[in-house]
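One structure is given here, and the rest of the page talks about it.
The values are calculated or read from the model by the stated rules, or taken from the named source; none is laboratory data. Here the structure is a predicted model, which means the values were calculated and not measured. Glycine gets a Cβ as well: all are built from the backbone with ideal geometry, and neighbour counts include every protein chain shown. Areas reflect the complete protein model, heavy atoms only, side chains present, ligands, DNA and RNA absent. Shrake-Rupley method; radii C 1.70, N 1.55, O 1.52, S 1.80 Å.
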Amino acid sequence: MAEKHLVHSFTEAAGRVGAAVVPCTTLQDAVAYVARTAVGHTLIPQTALAAEFQLRSLLGGAGVDVCSVSFREAGQLPGAGVTFCNFAMADTGTVVLDSTSEDVRLATTIPEVHFVILDPAKILTDNLAAAAPMNTLYAGSEPRFVAYITGPSRTADIERVLTIGCHGPRELHILLVPDVSDDLMEI
Amino acid sequence: MAATADFKKSVEDALGKPKLSEALHLFGDAYLIARENAFRGLDFDQLRTELAAIKDDVRERRKELLAQFIANAEAAGSKVFVAKDTREANEYVVHLAKQKNAGLIAKSKSMVSEEAHLNKALEAAGIRAAETDLGEWIVQLAGQRPSHLVMPAIHMFKEEVAELFSKEIGEPLEADIRTLVDAARKQLRKDYFDADIGLTGANFLVADTGGIGLVTNEGNARLCATLPKVHVVFAGIHKLVRSMEDAIKITRLLPRNATGQLLTSYVTWIRGAVPTPGNDKEQHIVLIDGGREALYESPVCRDALRCIQCGACANVCPVYQTVGGHVFGSIYISAIGIILTAFYEGLDRAKEITRACIGCRSCTAVCPANIDLEEIILHLRQQVTKEYGMGLVKNITFKAVMRNRALFHNMVKAASKLQKPVTQQKEGQPATRVIRHLPMHFMDKDLTQWRDLPAVAPRSFRDLFAGIDQKVDNPRYRVGFFVGCGADFVYPEAGISLVKVLNHLGVEVVFPNSQNCCGIPALYAGDTETGVELAKQNVKAFYEADVDYVLCVCPTCTMGVKRDFVERLVDDPVWSQRAISLSEKTMDAVAFLENVLKASDLLKATSAARITYHDSCHLKRGNDVWKEPRALLRATGYQLEEMKNSDRCCGFGGTYSFLSHPQISRQIAGDKVESIKVTGVKTVAMDCPGCMIMVGGSMGKADPTVRCAHTMELLAEAIVEKPQGQTPGEKQF
């Protein structure tokens, strides 16, 4: 099955760059995983999918410390961020997020840990296959900020020793949840 | 020309710090493995041909594409400023900062801001620039400049970093990398929040979207673009691509070739002033020419602007690995740095590093944009020679002596007699005569302290050839032999062996006596006039000989005959035609044996000796020949044991190792000696008289029991004389 093959490649590639890929059966499983793993203030941007699935209340209900103030007021190093994503690329283990909303940018850049919910139906073969949806995102002339994220933040600037967690999140957890959305324009 | 005293001193200082060179060697080795893994399943040559085509089309349509980019960016709310030079670019940013009352600018990596000395300009205006890329921050705190395009602080060690960070942060930090990265994370986080302006570079300016692309690992560019209210993009105009698809294609090459990553942690695409809660975000894009338009207009050098700044040309460069980027570079380092320095900072600033390139072509082999870096550098060296001269020794040698074949050859003969008092029989190899010490002790450090010099042979190949009785009935081919100076006067045995092997396989050898030096030494020194004259002499000699093929036992000569003669004589229709026809039938002897004669099917395995093989730069990367000698040596029974980095330069580089940079050569040769020693093998095969001078000479001092031989010698030794009356081609050899 093509999709199974893509999930397998994606999981391997993301694993190789230090992301944790967690297969979940339902969104509830993913919520429980985040509740078990997240520490501290958690930024959950209110994107279309987050609103549709009431992600904030689900996580709040599971005991996550959901940030209720402006994310800029959440401290310089908040504990976690939880987002959905537009799509992913199997060959490099990359998740792609339309981050035009500042809250998505903040939730994915400043926290110590980033959780991404990915519907396996959104996994594309490779970055060449991503050209079409990228062009759709960049149609028109509205300002746009799209982030490819491949594993946690890293550096090798001191003695070429790979060190995780330089300026971005130290950990990236990708939660595979089926039947969330197969619309590549939706986050 | 020898280096100036200042440059020589900087080389000596670098050589006095072996720790840096060791680190760069380890990095270079690890890089090759990571890169190979990253490209598995992909066709690098196809990808780089495609990238070159994209960038060439951008060059041709740059005015139209730049206008398209600007229109699209402005439509999304960006303010775009085109700066004709870095001074204008700096002024724009300083003016903007003053307008915004900005005291702090958080910067992510932008090489063009290094080129512009932007931080200095900001500082002068009372504005603090905080570098947030870890490597850039280290370099900034140390008051230095980056020594590598991708890893700015690759020359520093954790102890030095700990000292810098402790001082900056005001608490003692352990020299532990994890601790240091965490400290930087905490310290710099404040700067993103406090900064009034965030400044980033751009890896791409995407014309059809009006957006930029940023390829990063640490996540600092995203923070710089997000947290401050104003985002400034500071980029060179050559970052232009036509479309999102172009940019995506480049992301397939850039990280793989830079660090061996399939993709960096972050690739960020930003168009326009993205909204903030107050909706008062601004984006300013400063596009900088700064010499790029002039480079686009240079037909010989313009390919350099295809560069995507992966830094690979440094990673594989033996000179970079020996002296580091602060010596071998300016703002931009290594091979691409030589070219960009010449155009962005002026030829004067580039003249030393132009001569510091050893010409091994390893940069050209790994360049993802298919830039023939070595050829462009060669051209620049010719410019340098025109402007600044090439020094007395080279001047007399090339202009007065080598152009006159009779004088040149008589001088060599005289030298073979004059050297007698200093030559000795090589230990363990009584047949080989070498110079172990020169009486001129003041030159000894550069010339014989660390290597034996080969003695000029008592009789040159051209003298010996006259005495060979070639018994070839009904020859399959008549081939011309372009002997080259090294095989003619120093290693005639390579040529004699070639004749033996060819005769054995039913091929007759023709030796036109009026042939002369291929001219590459003169050309590499920047003397084109001598190059043209020598090309004519040789084309004439072989045109008149009327042979089926022309063979060389020196791959540098092969490149000279195949590539350079054609280029040198291009302006003259008659000579040009002759040069092309000579080029088409010229090849390395091993390539002829294997690819034309299929000799590895014909030769018998008679030897069982263990050997190792050194790939000459010009054989592998100049002529794409490396499988052939291995096939031939294995066919004759030799047990081939590969050495580490067999295709890394031996340090010869012609006059480089004698006049330009003997001390750098010494280090590079030392690496080769180590690789050979590790194999424990006593015979090293190679296909280049230049390498034989270098490897043979250095091994001679390190372990005289190791023999360096031309592949032709080993093949000739393995051949059992052909019984009379047999026809070639019947597997009876």
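Say whether the condition of being of a type in the set (Val, Ile, Thr) and under 27 Å from B:GLY653 (Cβ atoms) is met by at least one residue in the range B:592-599.
For the range B:592-599, residues of a type in the set (Val, Ile, Thr) and under 27 Å from B:GLY653 (Cβ atoms): absent.
Out of all the residues in the range B:381-402, is one or more farther than 21 Å from B:TYR31 by Cβ, within 16 Å of the chain's Cα centre (by Cα) and open to solvent by 10 Å² or more (accessible area, probe 1.4 Å)?
Yes, the range B:381-402 has at least one match.
Considering only the range B:529-537, I want to know if a residue exists there that is part of a loop (DSSP other than H, G, I, E, B), within 19 Å of B:TRP575 (Cβ to Cβ) and open to solvent by less than 10 Å² (accessible area, probe 1.4 Å). It would help to see each step written out before you state the result.
Filtering the range B:529-537 down to residues part of a loop (DSSP other than H, G, I, E, B) leaves none.
There is no residue in the range B:529-537 that is part of a loop (DSSP other than H, G, I, E, B), within 19 Å of B:TRP575 (Cβ to Cβ) and open to solvent by less than 10 Å² (accessible area, probe 1.4 Å).
Going by the conditions given, is B:ARG59 touching a Phe, Trp or Tyr at 6+ places or on another chain (Cβ under 7 Å) and either at pLDDT 95 or above or surrounded by 13 or more Cβ atoms within 10 Å (Cβ to Cβ) (or both)?
yes
B:VAL323 - would you say it is open to solvent by less than 10 Å² (accessible area, probe 1.4 Å) and either at pLDDT 95 or above or over 18 Å from B:ARG563 (Cβ atoms) (or both)?
When the stated conditions are applied, B:VAL323 passes them.
Could we say that A:PRO120 is open to solvent by 10 Å² or more (accessible area, probe 1.4 Å), facing another protein chain (nearest Cβ under 7 Å) and either over 30 Å from B:HIS148 (Cα atoms) or polar (S, T, N, Q) (or both) here?
When the stated conditions are applied, A:PRO120 does not pass them.
Within the range B:673-685, does at least one residue satisfy the condition of being among the charged types (D, E, K, R), modelled with pLDDT of 95 or more and buried (at least 18 other Cβ atoms within 10 Å of the Cβ)?
First pass over the range B:673-685, keeping only residues among the charged types (D, E, K, R): B:674, B:677, B:682.
Keeping just the survivors that are modelled with pLDDT of 95 or more gives B:674, B:677, B:682.
From what's left, buried (at least 18 other Cβ atoms within 10 Å of the Cβ): none.
No, the conditions are met nowhere in the range B:673-685.
Checking the condition over 21 Å from B:PRO521 (Cα atoms) and either of a type in the set (Phe, Trp, Tyr) or surrounded by 17 or more Cβ atoms within 10 Å (Cβ to Cβ) (or both), which residue from B:ARG666, B:ARG630, B:ARG634 passes?
After ruling out the rest, the residue left standing is B:ARG630.
Just one of B:GLY346, B:GLY359, B:GLY291, B:GLY329 is more than 14 Å from every other protein chain (Cβ to nearest Cβ), touching a residue at least 40 places away in the same chain (Cβ under 8 Å) and over 17 Å from the mean Cα position of the chain (by Cα); which is it?
B:GLY291
Checking B:GLN187 against (1) open to solvent by less than 10 Å² (accessible area, probe 1.4 Å); (2) more than 30 Å from the chain's Cα centre (by Cα); (3) within 19 Å of A:THR155 (Cβ to Cβ), which test does it fail?
Of everything listed in (1) open to solvent by less than 10 Å² (accessible area, probe 1.4 Å); (2) more than 30 Å from the chain's Cα centre (by Cα); (3) within 19 Å of A:THR155 (Cβ to Cβ), B:GLN187 misses just condition (1).
Considering only the range B:27-100, give the helices (runs of 4 or more DSSP H) lying wholly within it that have at least 2 residues that are over 30 Å from B:ILE285 (Cβ atoms).
Passing ranges, in order: B:44-60.
Counting only residues that are in contact with a Ser or Thr (Cβ under 9 Å, 6 or more places away or on another chain) and assigned to a loop (DSSP other than H, G, I, E, B), which one in the range B:266-288 is farthest from A:VAL95 (Cα to Cα)?
Across the range B:266-288, the extreme among qualifying residues is B:PRO277.
Return the residues of the range B:546-557 that are part of a helix (DSSP H, G or I) and open to solvent by 20 Å² or more (accessible area, probe 1.4 Å); say none if nothing qualifies.
Hit for the range B:546-557 is B:THR556, nothing else.
List pairs: first residue in the range A:54-79 and within 14 Å of chain B (Cβ to nearest Cβ) and on the phi > 0 side of the Ramachandran plot, second residue open to solvent by 20 Å² or more (accessible area, probe 1.4 Å) and not in a helix (DSSP H, G or I) anywhere in the structure, Cβ distance under 8 angstrom, at least six positions apart or on different chains.
Every condition considered, the pairs that remain are A:GLY75/A:HIS41.
Can you tell me which condition A:SER99 does not meet? The list is (1) within 13 Å of chain B (Cβ to nearest Cβ); (2) within 17 Å of A:ARG170 (Cα to Cα), and all the others hold.
(2)
If I go through the range B:657-703 residue by residue, how many of them are of a type in the set (Ser, Thr, Tyr), over 25 Å from B:VAL327 (Cβ atoms) and either touching a helix residue (DSSP H, G or I) at 6+ places or on another chain (Cβ under 7 Å) or not assigned by TED's automatic domain parsing to the domain that holds B:HIS614 (or both)?
Number of matching residues: 0.
For the range A:166-176, give me each residue that is within 16 Å of B:LYS186 (Cα to Cα) and more than 7 Å from chain B (Cβ to nearest Cβ).
Once the filter is applied, which keeps residues that are within 16 Å of B:LYS186 (Cα to Cα) and more than 7 Å from chain B (Cβ to nearest Cβ), the range A:166-176 yields A:PRO169, A:ARG170.
Kindly list, by first and then second residue, each pair from a residue in the range B:595-607 that is assigned by TED's automatic domain parsing to the domain that holds B:LEU505 to a residue that is among the aliphatic types (A, V, I, L, M) and open to solvent by 80 Å² or more (accessible area, probe 1.4 Å), limited to pairs with Cβ atoms under 9 Å and residues at least 6 apart or on different chains.
B:LYS604/B:VAL720; B:THR606/B:VAL720
Has the range B:193-207 got at least one residue that is in contact with a His (Cβ under 6 Å, 6 or more places away or on another chain), more than 8 Å from chain A (Cβ to nearest Cβ) and of a type in the set (Val, Ile, Thr)?
No, every residue in the range B:193-207 fails to be in contact with a His (Cβ under 6 Å, 6 or more places away or on another chain), more than 8 Å from chain A (Cβ to nearest Cβ) and of a type in the set (Val, Ile, Thr).
In the range B:119-143, which residue that is part of a helix (DSSP H, G or I) and not aliphatic (A, V, I, L, M) is farthest from B:GLY201 (Cα to Cα)?
In this case the residue turns out to be B:GLU123.
Scan the range B:169-182 and give yes if some residue there is touching a residue at least 24 places away in the same chain (Cβ under 8 Å), farther than 16 Å from B:TYR332 by Cβ and surrounded by fewer than 20 Cβ atoms within 10 Å (Cβ to Cβ), otherwise no.
The answer is no, given that none of the residues of the range B:169-182 is touching a residue at least 24 places away in the same chain (Cβ under 8 Å), farther than 16 Å from B:TYR332 by Cβ and surrounded by fewer than 20 Cβ atoms within 10 Å (Cβ to Cβ).
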